[in-house]
Structures are given as C-alpha cells and as structure tokens.
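J.: Right, I'll just put the structure down here and ask away after.
The values are calculated or read from the model by the stated rules, or taken from the named source; none is laboratory data. The shown structure was predicted, so the numbers you read here are calculated from the model rather than taken from an experiment. Glycine gets a Cβ as well: all are built from the backbone with ideal geometry, and neighbour counts include every protein chain shown. Just so you know, the surface numbers come from the protein's heavy atoms only, side chains and all, with ligands and any DNA or RNA stripped out. Shrake-Rupley method; radii C 1.70, N 1.55, O 1.52, S 1.80 Å.
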Protein chains: 6
Amino acid sequence: MYHHVKKLMYTVNIGEPDVKFGQMLLEQFGGANGELAAAMQYSIQGLNCDDPKRKDLLMDIGTEELSHLEVIGSLARMHLKPLKDQKRSAAESDPLIAVVGGGGVGPYNSQGNPWTADYLKISGQIEVDLRSNIAAEARAKITYERLINHTNDPGTIDALKFLMTREITHMKAFMAALESLPKGPLEVGEMPVDDEYVNKYFNDSTGEGELGEDSTGPWNSGGDWEIVENPAFQEIGHR
Amino acid sequence: MYHHVKKLMYTVNIGEPDVKFGQMLLEQFGGANGELAAAMQYSIQGLNCDDPKRKDLLMDIGTEELSHLEVIGSLARMHLKPLKDQKRSAAESDPLIAVVGGGGVGPYNSQGNPWTADYLKISGQIEVDLRSNIAAEARAKITYERLINHTNDPGTIDALKFLMTREITHMKAFMAALESLPKGPLEVGEMPVDDEYVNKYFNDSTGEGELGEDSTGPWNSGGDWEIVENPAFQEIGHR
Amino acid sequence: MYHHVKKLMYTVNIGEPDVKFGQMLLEQFGGANGELAAAMQYSIQGLNCDDPKRKDLLMDIGTEELSHLEVIGSLARMHLKPLKDQKRSAAESDPLIAVVGGGGVGPYNSQGNPWTADYLKISGQIEVDLRSNIAAEARAKITYERLINHTNDPGTIDALKFLMTREITHMKAFMAALESLPKGPLEVGEMPVDDEYVNKYFNDSTGEGELGEDSTGPWNSGGDWEIVENPAFQEIGHR
Amino acid sequence: MYHHVKKLMYTVNIGEPDVKFGQMLLEQFGGANGELAAAMQYSIQGLNCDDPKRKDLLMDIGTEELSHLEVIGSLARMHLKPLKDQKRSAAESDPLIAVVGGGGVGPYNSQGNPWTADYLKISGQIEVDLRSNIAAEARAKITYERLINHTNDPGTIDALKFLMTREITHMKAFMAALESLPKGPLEVGEMPVDDEYVNKYFNDSTGEGELGEDSTGPWNSGGDWEIVENPAFQEIGHR
Amino acid sequence: MYHHVKKLMYTVNIGEPDVKFGQMLLEQFGGANGELAAAMQYSIQGLNCDDPKRKDLLMDIGTEELSHLEVIGSLARMHLKPLKDQKRSAAESDPLIAVVGGGGVGPYNSQGNPWTADYLKISGQIEVDLRSNIAAEARAKITYERLINHTNDPGTIDALKFLMTREITHMKAFMAALESLPKGPLEVGEMPVDDEYVNKYFNDSTGEGELGEDSTGPWNSGGDWEIVENPAFQEIGHR
Amino acid sequence: MYHHVKKLMYTVNIGEPDVKFGQMLLEQFGGANGELAAAMQYSIQGLNCDDPKRKDLLMDIGTEELSHLEVIGSLARMHLKPLKDQKRSAAESDPLIAVVGGGGVGPYNSQGNPWTADYLKISGQIEVDLRSNIAAEARAKITYERLINHTNDPGTIDALKFLMTREITHMKAFMAALESLPKGPLEVGEMPVDDEYVNKYFNDSTGEGELGEDSTGPWNSGGDWEIVENPAFQEIGHR
C-alpha cells in the first residue's frame, strides 16, 4: 500500500514563471517518456513479476518515479501559473490548460495529447521488461537534457538535473539486474532460434543518394555475420 | 525509393485455417510490438539519422520489417479466411474483421485496437534509438515465441520461427551498433549527471507482504552503490 | 513523496481462477471508472488545488486509490493466472494479455482498450472538481456492484465489497467538502448567469413513441420553471 | 426522429474575427466538456433509460445540446474565417484547421485533439447518470466562463452567456431529477456497503510541505467519521 | 436548431434477442462507418459549406443519419437486453457493455473501441467532401449487407434493409451533387497539376508470386497512359 | 518483398528552412490524408484483394506512396532542421518534435497528433475500396494545394507539385479501375436495395436562417426522385 508525505522528493524553487517552458515540461509529466509512464510501466511490471528480488527493484523504482511525477508536476505548475490569471496572451499559448484546466497541470504531453497506456511496454518476461526499462530511462535522460538546454532558470535547472541524474541511476540498476540473470545477451525467452537465418544480414536498402549509402560495420560484417543481398534472398525463404 | 516484388520474403503454407489463431497473429501485424511498428520505428529513425553508417543499418532493417509485415499479413489472412465466407460463428469471434473488413486483415492488434504511432519510440539520438530498438526486438521475439506455443500447424510454425529468428538477428545488429559507438554504457547524450545522486539507490518500497519483500542484488549493493532509505531522503533534495 | 509498503491495503484470497472474470476485473484496473483513473484524477486535482484543506482531502483519497489499484490488480492477476501457462483455450479469451503481456495484468479495460487520460475530469475549480469526483465515485460503486453480481467466489466478493464500500466513503467525503464551500448548489465559478433564460425549460423532444412520451416532473414544472415549447423558442434567442 | 430547422437556437453576430479565440472556442465544439459530448452523453443515456419521465428529460436536454453545437460551431466558424483565406500567418496558428479543414470548424478540441467517446460517462443507472450530468454541466459552465474572460467582442459574449446560462438550467433540472428519486444521497445501485469500513477516513497523505499540510473538515471529522491513520490500517483489511 | 419527435424513423420489432448480433450492430452505431460518423461528417461539412444548395443537401442527410442513429441504437439495445439482466454468460461476451454500461448501448464499435472523430473526413472543399461522402455511403452499404447476412430475424432484417437502402439513396444524391458541379471528374481545387507526370503510371510492384502478378488494365494502359518501370524513374524526378 | 534504394523518388532541395512550414508538412507525413495513410490503405487493401489485376494496381500505388513518404519526410526534415540546434524559439513552436524527437520528423500530423489506423478505410470489397481511394486522393490533392499556397520556396513548391500531381494520377487510375468493374455506379455488394425507399429524398432540414435555406437540385428533384417532407414520413417506416 502507498503512503504519501506532503513533501516533494526534491524541493523546487523557480524565478520568473515561463509559460512556454512550462508547456514543454508537461512532456515529462504526461508525455510518452515522462514520469507517469515510468511509474506505471515499472509498477505494473512489478505487480506481475514472479522473481521476488527483481520485483522489489521494479517496485522501488516505480515508487520513486511517482515521487518524480510530483516534482515535475509542481515545477510545471509554477511555470504555468500565469495561465491561472486568465491572461489572454498566456491562454493563447495553451488553451487546453488555460480554458479547460484553469491553469493547472494536466495529464497531457507538451502538445496537449492525453496520456495513453499505449506508451507502456509490459511483457511479463523479466529479461524483456528490463531491456524496455533501460531504453525508457535512456529516452527520459535525453529528454531532460534537452529541456535543460531550453531554460536559464537556476532553480529549474537544479530540479531537472536531479531528475535527469536519477534516470541514469535507474538505467544502471536495470542493467545490473539484466546482467545478473542466467541468460546470455541474445537469449530471450525459452525457444531456440533457427541457426540457418540468425547470422545472415539482409542488405535490403542499397545504393547511394539522399538517404545515405551502403556501408558495413560490426553489425553486418566480421564475426559470424554473412551479408545476403536482397535479391538473392528471394530464393531462400520457403518450406 | 521503394520497389516491391510480388514474392513473400518467406513463402507461407498452412493447413487448416484457425480463425482464433489468425486473430492472435494480428498482434504482430498491427500490434504494439508488431512488424508495422518495427518498420516505421526504424525507417523514421533512419530518415532522421545523421550517422551515415547506422542510417544504413536502420534503413536495411526497417525495409526488412516491411517485408515481414507482408509475411505475417499473408499468414494471418490465410487463418482468417473463414471470416470471408460470412459464417456467423466465425464472425462472432471477430466482428471488426468480419463485418467491417470483409474478412481481410486490418491494421489492428489481436483485440481490434487500431495501430497508433504512440507505440513508436523515436528520439533522434542514436545511442537512445538503438536501445529502444534492442528492447523492441526482445519484445517481438517473446511475442513470436508465445504465438508459436499456441499453434500446431507446421507451416505456420515454420514461418513464425523464421520471423522470430530474424528479431534476434536484428537485436544482435543493434547491439553491435550500440557497442561500436564511442560512448560508455551509461553515457546518454552530452550532459553530465550529478555525482551526488547517481549512485544512490532509493529504497522506496519496503517491508514484506503479498507484493514481495525487500531485497538486495547487484542493482543496489556492491560497487559504488549506496542504499538510501526512503524516509531519510526527505532531507536531501533541495536547493 | 510516496512510500510503498509491500502489503496490500486489503489481503486478497481467491478460490479457482476465473479467466473471464479476471478480464472483467480489468475494467476497474485500467478502465474508464477504475482505480488508476480515480488515483490520477484526485492526485492531479490535488496538485493543482490552492485550498489547503481540500487539497489534503484530494491527496488522501488519491493515495488511497493507488492502494486500491494494487488490490484490484492483484485480484485480477490471480484470476488471469491460467493465461500465464500458455493454455490455448485461455489465450483465446484474451490474446492481448496472454500473448503480449505474458499473462500479467495490463493497463487496459475489460475489452483491451488502453487507459487514456481522456477518462479524467480535472477543471482546476474546486466546486467543479468535487462534483466530477462525486460522479466518478458513483460510477465506480455501480461498476463494483455489477462485478460482484458476476462471481460466486467468496474471497473475490470480500475484496470487491471492500473496494465498493470505500467508493461510498469517498463520495460522502467529497459531498461534505462540496457542501462546506461558501457557494450555493447552483453557483459554479464567479460569473452570474442570465436571468432571462435560466429558468426556462426547453421542450425539444416531443410526442410519444418508441422513445417514450412527453412528461413533467420537478425538473421542468413547479417552482420557478417555465416550459418553452421548442418551436416558440425560435423567436427568442437573438441580439 | 430528428427535424432540423435552419435557424440557430441563438442568433450569432460578431465584430472582428479573432482566429486565436476561434481556436479556443473549439473546446466547446469538439472538446471534452463541449456540446457534442453533452449531446451524445444525454441522448445515449436517454436511449437506454427505462424510466419514461427521466428519459424524456434526457432527450430534451440532449436535443438542446445538439442545437448548442450548431451555435458554438457557427460562432467558431466566424472567428476562424481568416483561415479560409489561406493567409500564412493565420494558418500557422492552426494548421489542422487551415490545411486539412480548409478553414472550417472540425471535431477537435482547442489543441486539435479529435473528439473521442472516451469523454462520455454513460452507466445505464439513472442515479449515476444524473450525477455524471450534473458534473458535466458544472464543467461546461466554468469553461464558458473562462472563454468569456478571453474576449471583448459583445456579440460573442452574448452568445456565450446564453450557452453558459443554459448549462446552469440543465444542472438545476438534473439535480431536481436526482432528488426526486426514491433514494438517499449515498445510495447508489442496490447492493449495501460494508458498515465496518464506510465511515472510516484513511489518512493516507500526511505531514506538511510543498503539497500542503494535514487537516480536518466535515469530510473526515464530526458526524460518524472515524479517522484511521495510514500505517495502522495495514492490520485491518483481510479475510 | 433541432427538434426531436419520440418516434423512430423506422419502427423496430425483433424476435429473440441475440446478444452477439447486438454487439455486431454496434459497428453501425459507434463504428467507423456507422450512423454517428455519417451524421457528424455531413452536418459539420454542412455547417462549413458556402454553397447554399449543397449545404441544404448536407444538412438534410446529416439530420437523417441522426434519425438512423436512433433506429440502429434502438435495434442494438433490443438485442443487447440480456446484458441488462446481469447474466454471467451474456456479460462475458461484452463486459464493457454489461459491466460499465449496465446493458445499454454505448458509443463503441463492435469490438468496444470508443468512437473517434478520426473516422471523419471533412475538407472544406465541396468536390472533395462529396467524394468522401460517396465512399462513406458505399462502406455503410456493404457493412449493412454483411450484418444482414448474419441474422435470420425478420424484424431485424427489415430495419437493416431500410437503413441499407437509404445509404444508396444518399450515395445517389451525393453523386448527382458532384456531377452538377462545374468541374471535370479529375479537377480538384484550383491548382493545375504537372502535365509531365500526371499520365505516367509507375510500375512499383513487379514480378509474380503469392502477392499476384504484374498486369495491365484501363488504369495503366490505353488512352494517354504511359507506363514507367520503377528503376527507370530514378533518373526522372529532380530539380 | 520490399527493396529500398537510397534515392528519393523526387530529389528535394530547399532554400531557407521554415520551421512553421515544416510543421504543416507533417500533415502529409503522419496526418489523416498523408502519405503513410495512403501507403498503408492501398497496401493492406492489396494484400486482401482477390482480383489479381486490381491487386497489382493497389500494390503499385501503395508502394509509390511509400516512396512519397520518404520525399515528404525528407522535405519536412529540412524545414525542421533548426529544431535540431536546440534553439529555444524554434522549440517553442513544436516542443514534441524538438524535445522528444530531437528535431527529426515524427509520425504525427501538423498539430502533433500521433498517426492512427483509424484514418484508414479498408473494406475488403473492391468497388468500395476504390471509392475510398478516389476520395482519399482528392483529399490529398487539396491538402497539397493548400500547403503550396503557404510557401514561396521554389524547391519546396516543385516537390509538393510533383506529389500533388501524382495524387491526380492515382485518382485517375482508381476511377478507371472502378469503371471497368461489371457493376453500375449505384451497385455496391450483392444485396438489392428496397425499391420503396431508394428514390425518396427526405427533407429533414427545412426553413431558412443562418444555416441556409431549403433548396432543390438534381440530388432531390427530376429523374425518379420523390421528395418526402420530414413530418409526413413518420407514417411510412414500419413493419
């Protein structure tokens, strides 16, 4: 069960409210890579998880993200405050928040799209969920970094850096949890793959032009890689 | 530009159509971790990518996923064929496909939800996109594995194993592309994190009960980890 | 900030798992009137609320609903467990949960629609939010009542009755909070209404037939009500 | 069956078109608390209602809201007219209306989100539906009030005040219909609640800080209320 | 303004309720090609239309579709009635209608997806809107035809045939309205197309296989058509 | 299977990037009438089509639209480039693209709504699908025309005119394919309509006012049309 203490995980102070920036901040409140998405993804994964140790990890971080939701929500609310005063110029920049929400934060992203569970990745398979979480944390990190690049307010920067840093902490924890599983890096689930096809790289985009040129790297050459040219493959796959 | 050859990447043959299974297959046609999602995620990432070598990788795999979309679509269509004959019993199991779609496949998941771009993860940052793709491939692999567990039809199993195998191939390629970047495993973007907070593990879910018990592992102990109990932290974060 | 104790607010025990019923239960996990919707609606209203006393109320109930989310999620998971064993017959009844989610609960309603913030009603005006919450609790109450009517399992009934009862508790609290405001029952916001139109009842659906018949009651007769027949009104509204 | 007369319920005249304000007005055309939502919510409730008198009420008001949809749509269209002339500056402020809709109104809210039936609350239980409608009218009233605060155009203000006033009329009618039911204010459905839990107020959000402080009021003290502190409750709920 | 008469446009009588069929019928109530979509598409087009004669046509048919919405809703409600009685077996087949809606019809399609304005096609250009409407009527016709093929109930068939017939009536009216415009069949808008490219057919899908074979017809040969093979075209388009 | 050549179907060059215009262009990348919608609609129709010749047509044009998606995506990306440089002023105009997408194009429309398969019209009936496609091409044509009216950049205009022209080419091809079917213009599916109702025009919107006036034209008079006034009809439809 949850208990709530009326203190933010990180105390937030800002200088001048910046409505446009407040709108951008909503991305991390109700957006695809935001704190609500993180809190829900990890908590629901945790609820479903049969591995007691990693379940604990998922619940710890899921709960922390709920506290982050409060921090980012409080920060956005401070910046959106002028929308509360019914100033026309402010309202124009975000009619949904101003007219429907009365100037408060809402469960939207930076463009007013409602939060949707389609953002979440929950597979019920621990080695898959941990990879989804590592990717989610990486996306959250870069989003915070970009947000920080759009403000000069010291208090705002402090809070966002705290939140950004925690995403790397979580990424590190999820990576450790993944590596400690008794499975190799390419083992997912139980069913073996087909050796005939697994090391073939299909070269399906060829030539050169505005969209780049054909190239090689460790992802298609060296090791046990075999490059198969697109047209040749037409003869391979059948039963 | 795209060219299309009227041959499937993998020739599909099935025994008896199995409508309920055809419906499940739609998950990989128009579902969250399906082939349309994969094709769009990688192709759009590729369009945006400034690194010419990894752009090529993204376009190669994005294009291959388009060909997979045809394979899974053709397979689902064969299994859904009885919906074309206007049989009432078949129609009951999937009215959307039967009544609206006339028995053809549609851009839905296994429960009839329309495909949405909210499934996609596109960040414009290569080390982030590659992580999103590794996770996407892991989800696709486990989904194919579970589908295979629900059918006995040899032709269907063959086609699904081919598709499942290719997901691991792609995962391997995306991992190699990530590892070959000049960045450490915890480096995302350019902005440094705050050393004060990055190695602290916040123990926000405590005690024991139906939802597990408190535990430790390499994700919160050993190395440079420091466990911070939730209440203590209330004094830490401020400015 | 949030703290999580690994105990359910209400301990759940069930007899035989009932997959079809588990699916129905998802309505209160990730559905329009479910616990996630309640938790988010009240918590975000609370975050935005400037009235410190009612803010406390909103946070108290918002937090309790989070704990309910755990209870209903745990209950649904027990009933959906057969979906984890990859039984084909179980999977047919909910392919989204079985094939994508691996048998765990997901943020969906009983038909697999993803949770969306469009379910929420957050206005930033306390006398409006409280009305939205009273209505939300009434909807949750009737939904639990209907769910209870579809199961015979004593442990399940106990848990659902507990959750159903708490909705009435919340309804009572929200009603008290509304009544204690210094505003009359028809006063919303600050702007006065137009006396010329406010007591006119427009009779826009007339006659009798399959859709009922014209009738009167305290909602259009007695007191200061004046009934205006639809055609007559065409002359009234202009400037 | 419906009949339509080519006259607005309220004649609309405006001065200078105001594109940005026209966009805000779309909130009440195709937004969450707008006229389409109201018309559909009440009409569908009416279609399902077995109580002939309240069915009549629901159809009357549902039909009136359809006429309001025309009024607000005509008003918005007048303000959006410059988008029809393909002026670049106007188009920038609403590309969806300008480029896709050719400058006409569309079924969107003020930020371009498509109208969705997820906005509606339809329970098939009259004492629940009436509460949902009272809340819906309160939300519509405050939304019109805020819109009026963002314009100085007399004709626009007149039309919006008419619409705003009618929401209070409807609220009054729905409240009278609710009160005239043979059910107490806390009676919803048929199933009794559990006396052990119904009067306990759970204090789940405690302490003081940025998010307020712990407090009491008629919603948790006096009468038959009993306050239960969050931690203590962990021992209560079980079977 | 709208006036509503409590009579259905077409009186509906059914024999035995058929819950599964009632669910299918929802497709035409709240589905992509259903009566709500038609009513909204034409009415909003009509609201925006500057051509007074075709505006009248759009409002006439838009209003008629509203009356159809009542007919199909009443018909679906009769078939869904067993869901009102809280029978478990009935509830399993549509938990959303049974548990959330209390057995009434809801604004969903046959699989429970909420109606969305994304179904609508409204362009603000009369020769475009009329084409969208002709296509919409064709889709509605085939949907009714398929529904009729899934029932044996004479009263249901009668009502559906009436509705199906009216779609062809509307199609005929929209076609006449399109043909009476002073524009050729390939003239859309005002801007001329580029003669260099307009008669070239690009053969982008070639070869033969499971997906058919290359072929010709009046859509790419004869008249002024010129077939351009996909690879050759790579040299053509540039500036 | 698909093959991709790293050359655009039409080489794109622009002068100064124009962020606001780039945002508008997204309408044709990820919007309702855009290239992704066209590519998916025709390709899935083609996958389902049993008529080998029209299947070829659908696959040809579906594939061409995929190539258009690349062209419009590349064009939008050039105009959105300033969003990559993390300029605050640019970011304000599109925070979703700037902060989440890092300045790349995303699968959104011009207002940031995620692409959804609800845009698509796929019926599994060739004479219906072709009508949906003719309408889709007409919508795409007018959208390109409006976009062209909002820019002065010669390179951009060239590329958009090419794309616009191709829509008319496709419209012409789909019309020829429809006309070559052995069905009359009002024949859809197999089931005959009811002669009693098919030629009656219901005059459901009457009178005159802000919403026009009653009128006649070839869509309701002449030929075999019979006008039925709305009230009279109440006696007609029954069984």
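J.: Restricting attention to the range E:146-167, does a residue exist that is aliphatic (A, V, I, L, M) and within 28 Å of residue E:219 (Cα to Cα)? If you could, list the steps in order and put the result at the bottom.
T.: Initially, the range E:146-167 is screened for residues aliphatic (A, V, I, L, M), giving E:147-148, E:157, E:159-160, E:163-164.
Now drop any that are not within 28 Å of residue E:219 (Cα to Cα), which leaves none.
Scanning the range E:146-167, I find no residue that is aliphatic (A, V, I, L, M) and within 28 Å of residue E:219 (Cα to Cα), so the answer is no.
J.: Also, I was wondering about something else. Pull out all pairs, ordered by first then second residue, where Cβ-Cβ is under 8 Å, the residues are six or more apart or on different chains, the first lies in the range C:200-222 and is within 23 Å of residue E:74 (Cβ to Cβ) and facing chain E (nearest Cβ under 7 Å), and the second is open to solvent by less than 40 Å² (accessible area, probe 1.4 Å) and aromatic (Phe, Trp, Tyr).
T.: Hits for this filter: C:204/E:2.
J.: Would you point out which residue out of F:159, F:232 is modelled with pLDDT under 95 and either part of a helix (DSSP H, G or I) or closer than 30 Å to residue F:23 by Cα (or both)? Give the steps one after another, and end with the answer.
T.: On the way: F:159 fails: modelled with pLDDT under 95.
Criteria check complete, one pass: F:232.
J.: So, residue D:95, is that one modelled with pLDDT under 95, closer than 24 Å to residue F:113 by Cα and more than 7 Å from every other protein chain (Cβ to nearest Cβ) or not?
T.: no
J.: Still on this structure, please answer the following. Any idea which of A:117, A:136 is of a type outside the set (Asp, Glu) and more than 9 Å from chain C (Cβ to nearest Cβ)?
T.: On the way: A:117 fails: more than 9 Å from chain C (Cβ to nearest Cβ).
Just one listed residue meets the conditions, A:136.
J.: Residues being in contact with a strand residue (DSSP E or B) (Cβ under 6 Å, 6 or more places away or on another chain) and either free of Cβ contacts under 8 Å to residues at least 60 places away in the same chain or buried (at least 24 other Cβ atoms within 10 Å of the Cβ) (or both): count how many of those fall in the range D:109-137. Reasoning before the result, please.
T.: Just the residues of the range D:109-137 that are in contact with a strand residue (DSSP E or B) (Cβ under 6 Å, 6 or more places away or on another chain), to begin with: D:114, D:116-118.
Of the ones still in play, those that are also either free of Cβ contacts under 8 Å to residues at least 60 places away in the same chain or buried (at least 24 other Cβ atoms within 10 Å of the Cβ) (or both) are D:116, D:118.
The qualifying residues number 2.
J.: Residue by residue through the range F:32-51, note down the ones that are out of contact with any helix residue (DSSP H, G or I) (no Cβ under 6 Å at 6 or more places or on another chain) and either more than 7 Å from every other protein chain (Cβ to nearest Cβ) or modelled with pLDDT under 95 (or both). Before you say what the answer is, go through the steps one by one.
T.: Initial filter on the range F:32-51 (out of contact with any helix residue (DSSP H, G or I) (no Cβ under 6 Å at 6 or more places or on another chain)): F:40-41, F:44, F:48, F:50.
Residues satisfying the conditions are F:41, F:50.
J.: So residue D:56 clears everything in (1) farther than 30 Å from residue F:150 by Cα; (2) within 11 Å of chain E (Cβ to nearest Cβ); (3) touching a residue at least 12 places away in the same chain (Cβ under 8 Å) except one condition, right? Which one?
T.: Status for residue D:56: all satisfied but (3).
J.: Condition first: surrounded by fewer than 14 Cβ atoms within 10 Å (Cβ to Cβ) and under 20 Å from residue C:166 (Cβ atoms). Now tell me which residues in the range D:199-226 satisfy that.
T.: Passing the criteria: D:221, D:222, D:223, D:224, D:226.
J.: Additional query: Looking at the range A:160-186, which of its residues are acidic (Asp, Glu) and either at the interface with another protein chain (Cβ under 7 Å from one of its Cβ atoms) or open to solvent by 10 Å² or more (accessible area, probe 1.4 Å) (or both)? I'd like the intermediate steps shown before the answer.
T.: Of the residues in the range A:160-186, the ones acidic (Asp, Glu) are A:167, A:179.
Selection gives A:179 alone.
J.: May I pose another question? Which one of D:157, D:142 is among the β-branched types (Val, Ile, Thr) and open to solvent by 10 Å² or more (accessible area, probe 1.4 Å)? Working first, answer last.
T.: On the way: D:142 fails: open to solvent by 10 Å² or more (accessible area, probe 1.4 Å).
Of the residues listed, the single one that is among the β-branched types (Val, Ile, Thr) and open to solvent by 10 Å² or more (accessible area, probe 1.4 Å) is D:157.
J.: Mind counting the residues in the range B:183-195 that are assigned to a helix (DSSP H, G or I) and in contact (Cβ under 8 Å) with a residue 24 or more places away in the chain? Walk me through how you get there before you give the answer.
T.: Of the residues in the range B:183-195, the ones assigned to a helix (DSSP H, G or I) are B:195.
Then drop every residue that is not in contact (Cβ under 8 Å) with a residue 24 or more places away in the chain, which leaves none.
Looking only at that region, the number is 0.
Residue-by-condition table, conditions (1) closer than 30 Å to residue B:15 by Cα; (2) in a helix (DSSP H, G or I); (3) among the hydroxyl-bearing types (Ser, Thr, Tyr):
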{"site": "B:124", "(1), (2), (3)": "no, no, no"}
{"site": "B:128", "(1), (2), (3)": "no, yes, no"}
{"site": "B:169", "(1), (2), (3)": "yes, yes, yes"}
{"site": "B:172", "(1), (2), (3)": "no, yes, no"}
{"site": "B:181", "(1), (2), (3)": "no, no, no"}
{"site": "B:220", "(1), (2), (3)": "no, no, no"}
{"site": "B:227", "(1), (2), (3)": "no, no, no"}
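J.: Would you confirm, using the coordinates I've provided, whether residue A:131 is out of contact with any Leu (no Cβ under 6 Å at 6 or more places or on another chain), basic (Lys, Arg), more than 9 Å from chain C (Cβ to nearest Cβ) and more than 28 Å from residue F:86 (Cβ to Cβ)?
T.: On the way: out of contact with any Leu (no Cβ under 6 Å at 6 or more places or on another chain): yes; basic (Lys, Arg): yes; more than 9 Å from chain C (Cβ to nearest Cβ): yes; more than 28 Å from residue F:86 (Cβ to Cβ): yes.
It is true that residue A:131 is out of contact with any Leu (no Cβ under 6 Å at 6 or more places or on another chain), basic (Lys, Arg), more than 9 Å from chain C (Cβ to nearest Cβ) and more than 28 Å from residue F:86 (Cβ to Cβ).
J.: Need the failing condition index for residue F:26 against (1) crowded, with 24+ Cβ neighbours inside 10 Å; (2) within 7 Å of another protein chain (Cβ to nearest Cβ); (3) not polar (S, T, N, Q), just the number.
T.: Just one mismatch for residue F:26, condition (2).
J.: For residue A:44, state whether it is among the β-branched types (Val, Ile, Thr), touching a residue at least 40 places away in the same chain (Cβ under 8 Å) and either assigned to a helix (DSSP H, G or I) or in contact with a Lys or Arg (Cβ under 7 Å, 6 or more places away or on another chain) (or both). Full working, then the answer.
T.: On the way: among the β-branched types (Val, Ile, Thr): yes; touching a residue at least 40 places away in the same chain (Cβ under 8 Å): yes; either assigned to a helix (DSSP H, G or I) or in contact with a Lys or Arg (Cβ under 7 Å, 6 or more places away or on another chain) (or both): yes.
Yes, satisfied.
J.: On to the next question. Here is a check on your reading of the model: is residue C:189 surrounded by 16 or more Cβ atoms within 10 Å (Cβ to Cβ), small (Gly, Ala, Ser) and at positive phi? Quick ask: steps written out before the conclusion?
T.: Values: surrounded by 16 or more Cβ atoms within 10 Å (Cβ to Cβ): yes; small (Gly, Ala, Ser): yes; at positive phi: yes.
Yes.
J.: I'm checking my understanding of the structure. Among residues of the range D:38-76 that are open to solvent by less than 10 Å² (accessible area, probe 1.4 Å) and of a type in the set (Gly, Ala, Ser), which one is farthest from residue D:97 (Cα to Cα)?
T.: D:46
J.: Among the residues of the range F:138-150, what is the count of those that are touching a residue at least 40 places away in the same chain (Cβ under 8 Å) and within 26 Å of residue E:168 (Cα to Cα)? Talk me through it step by step, then tell me what you get.
T.: Taking the range F:138-150 as the starting set, the residues that turn out to be touching a residue at least 40 places away in the same chain (Cβ under 8 Å) are F:139-140, F:143-144, F:147, F:150.
Now narrow it down to the ones that are within 26 Å of residue E:168 (Cα to Cα): F:139-140.
Final tally of qualifying residues: 2.
J.: Here is a further query. Confirm whether residue A:14 is part of a helix (DSSP H, G or I) and either facing chain C (nearest Cβ under 8 Å) or closer than 27 Å to residue F:101 by Cβ (or both). Steps first, please.
T.: Values: part of a helix (DSSP H, G or I): no; either facing chain C (nearest Cβ under 8 Å) or closer than 27 Å to residue F:101 by Cβ (or both): yes.
No.
J.: Among the residues of the range D:142-159, write down those that are farther than 21 Å from residue A:94 by Cβ and at the interface with chain C (Cβ under 7 Å from one of its Cβ atoms).
T.: Across the range D:142-159, the qualifying residues are D:155, D:158.
J.: Could I ask something else about it? Got a number for residues in the range D:79-92 being within 11 Å of chain E (Cβ to nearest Cβ) and surrounded by 20 or more Cβ atoms within 10 Å (Cβ to Cβ)? Can you show your working first?
T.: So the first thing to find is which residues in the range D:79-92 are within 11 Å of chain E (Cβ to nearest Cβ), and the list is D:80-81, D:83-84, D:86.
Those left that are additionally surrounded by 20 or more Cβ atoms within 10 Å (Cβ to Cβ): D:80, D:83.
Summing the residues that are within 11 Å of chain E (Cβ to nearest Cβ) and surrounded by 20 or more Cβ atoms within 10 Å (Cβ to Cβ) in the range D:79-92 gives 2.
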